[in-house]
Amino acid sequence: MDINQQCVVALTWTLKDTLNEELDVLDEPVEFLIGGQDLFKKIEDALQGHRAGASVALQLEPEEAFGDYQEQLLFLEKRELFPPELEEGMTIEGSALPAGCNPEAPKDALYTVTEIYPEHVVLDGNHPLAGIALRLTLKVEDVREATEEEIGRGTAGTGFFRIQPIDTMPPGSNTLQ
């Protein structure tokens, strides 16, 4: 079956930056809905017409992937506002930021704790790959027709290339992750 709109593809990949530094390798196939919300448009376009066994290599510029890096999404907050177990690399939903944090911090962003100082914490609301051009080598492991449920949801249930909006996350997920 050729890849077209409203089908599900199982992909493996190698993701690198433009300096050829490996950022991610997916050895086990993951399913994505073509024509839904699972993949960036440029990836979907590059996969069109291919079938199982095909390899596709492409480069994604920041505006085609996770966007440009936005310095206004960096926030320096008081350390005392956060629990003692806070660690670098943890993520915090904007809607779950402690009282007393900068009111300018968008509530619909996902913040990564990038640095912890004795008096302050640095929160970054950018995606970790924002501002980076990416080289992606995909291998199509399988192609199948999408189910009506997948089409209705607009996803095969995989969110690697998309950050799920805060208001659609499952209940109870608004804590440190």
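Readers should treat all values here as calculations from the given coordinates under stated rules, not as data from a laboratory. Here the structure is a predicted model, which is why all the values come from computation and not from measurement. Note that each Cβ is placed from the backbone with ideal geometry, even for glycine, and that neighbours are counted across all protein chains shown.
Here are the numbers:
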quantity	calculated
Added length on full extension, which subtracts the Cα-Cα distance from 0.36 nm per residue, Lys42 to Gln6	11.4 nm
Ascending count of other beta-carbon atoms within 10 Å, so fewest first, for Tyr69, Tyr111, Tyr117	Tyr117, Tyr69, Tyr111
Cα-projected label distance for Arg51 with Leu19, points at 7 Å along beta-carbon direction, nm	4.2
Taking segment 71-124 and dividing mean pair separation by its residue count, relative contact order in percent (alpha carbons under 8 Å, at least six apart)	47
√(5λ) per eigenvalue of the Cα gyration tensor, segment 71-124, largest first, Å	15, 11, 11
R0 of 45 Å, Cβ-Cβ distance Leu86-Glu28: FRET efficiency to nearest 0.05	0.90
Largest-first ellipsoid semi-axes for the chain, taking √(5λ) over the Cα gyration tensor eigenvalues, angstrom	35, 19, 13
GluC sites (Glu not before Pro) restricted to segment 1-45 and DSSP loop, no more than 14 other C-beta within 10 Å	Glu21
Length-normalised contact order for the chain - Cα pairs under 8 Å, 6+ apart - percent	35
Of Lys16/Lys107; Lys41/Lys139; Lys78/Lys107, those spanning more than 22 Å from alpha-carbon to alpha-carbon	Lys16/Lys107
